[in-house]
Number of protein chains: 2
Amino acid sequence: MQRSSFSLSHTLLCAAAAVCAALVTTNAQAFDGIVEKQVFNLPTYTTVNGQVIKGVRIGYETYGRLNAARDNVILINHFITGTSHAAGRYAASDAAPGYWDMIIGAGLPIDTDRFFVIATDALANPNRASATVISTGPASIDAATGKPYGPRFPVLAARDTVEVQKALLDALGIRTLYAVAGASAGAWMSVEWASAYPERVQRLVSIVGPGVDSPAYAIAKMSSWGAAVRLDPNWAHGDYHGKAEPLAGMTQAMRLVTLDALSFAWADKAFGQKWADPSKNPGEAAANQFAVDATLEKIGEARAKGMDANSWLYTLKALQLPSAKPERIKARSLFVGISSDQIFPPLLSKRAVEILKAQGTPAEYVEMNSPNGHADALGATIGLAGPAIASLLAK
Amino acid sequence: MQRSSFSLSHTLLCAAAAVCAALVTTNAQAFDGIVEKQVFNLPTYTTVNGQVIKGVRIGYETYGRLNAARDNVILINHFITGTSHAAGRYAASDAAPGYWDMIIGAGLPIDTDRFFVIATDALANPNRASATVISTGPASIDAATGKPYGPRFPVLAARDTVEVQKALLDALGIRTLYAVAGASAGAWMSVEWASAYPERVQRLVSIVGPGVDSPAYAIAKMSSWGAAVRLDPNWAHGDYHGKAEPLAGMTQAMRLVTLDALSFAWADKAFGQKWADPSKNPGEAAANQFAVDATLEKIGEARAKGMDANSWLYTLKALQLPSAKPERIKARSLFVGISSDQIFPPLLSKRAVEILKAQGTPAEYVEMNSPNGHADALGATIGLAGPAIASLLAK
């Protein structure tokens with residue numbers, strides 16, 4: 001069946017049609033099944049920092065079938081603003097399939113005729129607009145008060161999502177992962193997995209990730225993506241529930257994330273120096289905008305409206321708290337970069353491969369040549385990594 | 001005479017000693033004279049947008065001597081947070097010389113035995129902490145009211161600084177520029193010059209600039225650098241004079257500019273995952289920071305305190321309003337990039353050279369191999385471009 005490769009992330013990026021010109025192409029074959037969001041519940045969970053949370057749950061979806069030996073499992077971790085929806089459609093009428101639909105499916109690099117693919121939401125996933133995202137986090141209701149936890153929710157680390165995912169796998173009787181894979185923050189989480197449980201992870205696929213040694217610069221970048229929220233008086237140190245929300249701050253945060261995930265070539269092609277309003281010359285008044293800015297604001301606001309601000313800040317913090325140690329990683333690894341990536345430039349993936357190879361862990365670097373920046377790993381361009389992913393999974 | 005290459009920009013970046021390790025080296029020979037800040041006044045100036053401003057002035061400094069033919073002049077434009085102080089010291093006791101002191105001086109690539117170097121402040125220069133910066137802008141007193149103009153000051157375009165600089169050159173009887181040069185925003189302004197007055201500009205030196213065609217992405221990045229100020233309620237749409245100033249917003253703006261100007265390698269080397277306070281585990285509370293973040297906040301705040309918020313926003317806007325057209329540029333051109341630059345990556349300078357060459361304008365690209373990012377063009381690393389600059393100036 002023919003499917004469009006227009007992904008969820010691009011649905012967000014493409015609030016303005018002009019943005020999409022460079023991003024949208026078509027692809028051949030993809031996951032055909034109708035996907036059902038499932039829920040995994042844990043009565044209690046103790047965070048790596050020792051805090052007990054009651055009634056923890058995450059959502060997940062699966063593509064393909066678990067084999068009898070339960071050794072054909074590929075775990076997919078999502079990007080920072082993403083969800084578990086990596087492939088397929090929840091309903092035949094859905095406008096777009098999951099973001100990696102062009103590489104997950106029958107006969108595709110992540111072949112659902114062969115593999116059982118599990119994609120989960122991270123804890124504190126901020127996408128509250130998506131009815132299918134039900135991860136426990138600061139927006140969850142605290143049974144003790146009947147109100148959202150807000151800033152009283154315990155700090156989460158990247159490893160906490162790994163531990164809840166592991167509990168899910170244990171519940172499904174899955175002991176080993178044929179592979180763990182993800183893009184951007186999903187790559188970060190996949191590295192976390194390969195380090196936390198080296199004996200369980202056979203292969204690692206990091207797409208446009210920050211490498212294996214959790215760089216300080218990435219910590220600082222996460223803080224930049226949260227700064228605007230904290231500047232918004234409506235944030236009120238996280239106690240905004242039931243009051244006006246910090247939409248202005250979240251809009252700027254999402255605007256910055258969106259800009260960082262794109263590229264010079266993308267902006268030039270789509271906008272050049274076009275004015276937002278032909279009757280309002282940006283040279284005449286401080287408030288008169290260029291089209292690129294007006295579009296980014298619009299995208300930023302649309303994305304912000306779908307997110308819970310505290311959950312966003314908790315997500316950023318979790319990524320600042322990885323526990324991965326390169327020397328623990330044993331998985332046969334593939335690191336894929338994008339030539340025009342301005343968030344995690346190719347040098348980080350290249351360095352990761354050097355570090356792993358030096359310690360005897362088999363690792364390979366592949367570059368996707370694309371002019372449109374980091375976000376291209378969440379759209380059709382991921383197809384360029386298809387052969388390398390298929391090759392890793394064949395080994 | 002031996003001088004340290006520790007520049008003004010690094011004085012700001014190096015608020016915390018750890019930041020400096022990777023940035024500071026020593027150099028050989030530099031500009032020896034004591035520099036005096038001079039003032040150029042225009043009774044009235046009409047902006048490119050047709051607004052009349054009374055009593056416009058900019059500061060400038062010169063190194064070397066104007067020859068009889070008045071044809072040995074090199075104009076230096078400063079980076080976005082910089083000033084005219086490109087070389088030398090205002091007093092022998094100054095801790096640091098100007099930011100390009102290692103390439104401007106007797107026997108150096110920009111040889112003050114041969115050239116008359118003029119460096120000016122841009123209009124609306126935001127560095128109010130520097131007693132020597134007196135550029136007219138929104139922080140200037142409006143004679144009509146006796147109060148700062150604030151948001152009532154006319155919008156300025158990049159070309160307005162060029163026009164005031166041209167009036168200065170005219171007043172000095174200088175008709176042609178042997179070269180125009182600058183780093184980052186200074187490169188942007190130099191391209192603006194080469195396009196505005198092609199018959200007057202013989203050579204162009206763009207160091208870590210955005211190229212020749214004013215990309216839309218750079219427009220959006222400038223807006224990102226202003227967003228935090230506008231989120232700060234103290235900004236009050238620019239009417240903060242005499243009241244609490246938008247320091248929190250300016251701190252975040254400067255933090256982001258600083259981070260963008262550095263690199264992954266810089267952060268890893270200086271900080272890794274070190275905590276800001278050994279007794280406050282970032283995994284235990286949202287407010288507990290990593291050292292990299294605490295240092296960036298400290299640098300951001302120090303830089304913010306020295307700046308006027310409106311002038312910063314006017315500076316950003318001016319850079320969003322260039323008039324340069326590549327096809328007008330006739331100057332023999334040198335574009336220099338830095339391998340690890342995350343603001344204006346090398347591909348932009350390379351593209352500029354391709355565009356110019358294709359139209360028959362002689363142009364060359366040289367890359368400085370440095371791991372520390374964009375800001376390295378404002379410190380000792382600029383020495384790596386010395387031979388290429390000297391070679392251009394010898395042609």
**Message:** Against the definition (within 11 Å of chain B (Cβ to nearest Cβ), in a helix (DSSP H, G or I) and at pLDDT 95 or above), how does A:Gly283 come out, yes or no?
**Reply:** no
**Message:** For region B:334-355, check the following and say yes or no: at least one residue is modelled with pLDDT of 95 or more, aliphatic (A, V, I, L, M), in a helix (DSSP H, G or I) and within 30 Å of B:Pro151 (Cβ to Cβ).
**Reply:** no
**Prompt:** Is there any pair linking a residue in region A:224-241 that is within 21 Å of A:Leu319 (Cβ to Cβ) to one that is polar (S, T, N, Q) and in a helix (DSSP H, G or I), with Cβ under 6 Å and at least six apart or on different chains, and which?
**Reply:** A:Ala227/B:Gln252; A:Ala228/A:Gln252; A:Gly238/A:Asn310
**Request:** Quick one: in region A:356-395, of everything that is of a type in the set (Ser, Thr, Tyr) and part of a loop (DSSP other than H, G, I, E, B), which residue is farthest from A:Arg328 (Cα to Cα)?
**Result:** A:Ser370
**Request:** Name, by its number, the condition in (1) out of contact with any Lys or Arg (no Cβ under 6 Å at 6 or more places or on another chain); (2) part of a loop (DSSP other than H, G, I, E, B); (3) over 28 Å from A:Asn281 (Cβ atoms) that does not hold for B:Leu156.
**Result:** (3)
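For (1) in contact with a Ser or Thr (Cβ under 6 Å, 6 or more places away or on another chain); (2) farther than 28 Å from A:Pro210 by Cα; (3) among the aliphatic types (A, V, I, L, M); (4) buried (at least 20 other Cβ atoms within 10 Å of the Cβ), each residue gets a yes or a no:
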site: B:Ala270; (1), (2), (3), (4): no, no, yes, yes
site: B:Asn281; (1), (2), (3), (4): no, no, no, no
site: B:Ala285; (1), (2), (3), (4): no, no, yes, no
site: B:Gln289; (1), (2), (3), (4): no, no, no, yes
site: B:Ile299; (1), (2), (3), (4): yes, no, yes, yes
site: B:Met307; (1), (2), (3), (4): no, yes, yes, yes
site: B:Thr315; (1), (2), (3), (4): no, yes, no, yes
site: B:Glu327; (1), (2), (3), (4): no, yes, no, no
**Request:** Kindly indicate which of B:Gln342, B:Gln359 is under 19 Å from B:Ala267 (Cα atoms) and surrounded by fewer than 21 Cβ atoms within 10 Å (Cβ to Cβ).
**Result:** B:Gln342
**Request:** Could you list all residues from region A:104-123 that are over 22 Å from A:Arg159 (Cβ atoms), assigned to a loop (DSSP other than H, G, I, E, B) and of a type in the set (A, V, I, L, M, F, W, C)?
**Result:** A:Ala106, A:Leu108, A:Phe115
**Prompt:** Taking region A:36-54 on its own, how many of its residues are closer than 16 Å to A:Glu163 by Cβ and either in a strand (DSSP E or B) or without any contact (Cβ under 8 Å) to a residue 12 or more places away in the chain (or both)?
**Reply:** 11
**Request:** Name every residue in region A:242-264 that is of a type in the set (A, V, I, L, M, F, W, C) and either in contact (Cβ under 8 Å) with a residue 60 or more places away in the chain or part of a helix (DSSP H, G or I) (or both), in order of residue number.
**Result:** A:Leu247, A:Ala248, A:Met250, A:Ala253, A:Met254, A:Leu256, A:Val257, A:Leu259, A:Ala261, A:Leu262, A:Phe264
**In region A:292-333, the residues that are among the charged types (D, E, K, R) and not in a helix (DSSP H, G or I)** = A:Asp308, A:Lys325, A:Lys330, A:Arg332
**Request:** Pick out the one residue from B:Val117, B:Val133 that is free of Cβ contacts under 8 Å to residues at least 60 places away in the same chain, hydrophobic (A, V, I, L, M, F, W, C) and buried (at least 16 other Cβ atoms within 10 Å of the Cβ).
**Result:** B:Val117
**Request:** Would you be able to tell me the number of residues in region A:108-159 that are under 22 Å from the mean Cα position of the chain (by Cα), acidic (Asp, Glu) and within 22 Å of A:Lys317 (Cα to Cα)?
**Result:** 1
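Matching residues to (1) touching a residue at least 12 places away in the same chain (Cβ under 8 Å); (2) more than 11 Å from chain B (Cβ to nearest Cβ); (3) more than 19 Å from the chain's Cα centre (by Cα):
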site: A:Phe271; (1), (2), (3): yes, no, yes
site: A:Asn310; (1), (2), (3): yes, no, no
site: A:Leu321; (1), (2), (3): yes, no, no
site: A:Ser349; (1), (2), (3): yes, yes, no
**Request:** With respect to A:Gln273, determine if the residue is at pLDDT below 95, in contact with a strand residue (DSSP E or B) (Cβ under 7 Å, 6 or more places away or on another chain) and not in a helix (DSSP H, G or I).
**Result:** yes
**Request:** Identify the residue in region B:81-114 that is under 16 Å from B:Asp376 (Cα atoms) and among the aromatic types (Phe, Trp, Tyr) and, among all such residues, is surrounded by the most Cβ atoms within 10 Å (Cβ to Cβ).
**Result:** B:Trp100
**Request:** Pull up region A:193-223, narrow it to residues that are without any contact (Cβ under 8 Å) to a residue 40 or more places away in the chain and touching a Phe, Trp or Tyr at 6+ places or on another chain (Cβ under 9 Å), then point me to the one that is surrounded by the fewest Cβ atoms within 10 Å (Cβ to Cβ).
**Result:** A:Arg200
**Item:** Test: residue in region B:62-80 that is surrounded by 20 or more Cβ atoms within 10 Å (Cβ to Cβ), among the aromatic types (Phe, Trp, Tyr) and modelled with pLDDT under 95
**Value:** no
**Message:** Restricting to region A:64-107, name every residue that is of a type in the set (Ser, Thr, Tyr) and over 22 Å from the mean Cα position of the chain (by Cα).
**Reply:** A:Ser93
**Prompt:** Can you name the condition, by its number, that A:Ala267 falls short on among (1) at the interface with another protein chain (Cβ under 7 Å from one of its Cβ atoms); (2) in contact with a Gly (Cβ under 9 Å, 6 or more places away or on another chain); (3) farther than 21 Å from B:Gly300 by Cα; (4) part of a helix (DSSP H, G or I)?
**Reply:** (2)
**Request:** Go through region A:163-210 and give me each residue that's more than 26 Å from A:Ile53 (Cβ to Cβ), outside any strand (DSSP E or B) and of a type outside the set (Gly, Ala, Ser).
**Result:** A:Thr176, A:Tyr178, A:Pro198, A:Glu199, A:Gln202, A:Val208, A:Pro210
**Message:** Quick check on my filter: what residues within region A:216-254 are at the interface with chain B (Cβ under 7 Å from one of its Cβ atoms) and closer than 16 Å to A:Leu296 by Cβ?
**Reply:** A:Ser224, A:Ala228, A:Ala248, A:Gly249, A:Gln252
**Request:** Those residues that are aliphatic (A, V, I, L, M), out of contact with any strand residue (DSSP E or B) (no Cβ under 6 Å at 6 or more places or on another chain) and farther than 23 Å from B:Leu177 by Cβ, I need them from region B:325-347; list them, please.
**Result:** B:Ile343, B:Leu347
**Request:** Mind telling me which of the residues A:Arg255, A:Arg230 ends up being closer than 25 Å to A:Asn310 by Cβ, surrounded by 23 or more Cβ atoms within 10 Å (Cβ to Cβ) and of a type in the set (D, E, K, R)?
**Result:** A:Arg255
**Item:** Residues located in region A:178-194, provided they are out of contact with any Leu (no Cβ under 9 Å at 6 or more places or on another chain) and within 14 Å of another protein chain (Cβ to nearest Cβ)
**Value:** A:Glu192
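The values are calculated or read from the model by the stated rules, or taken from the named source; none is laboratory data. Being a predicted model, the structure only gives us computed values, none of them experimental. Cβ sites come from the backbone with ideal geometry, for glycine too, and all protein chains shown count toward neighbours.
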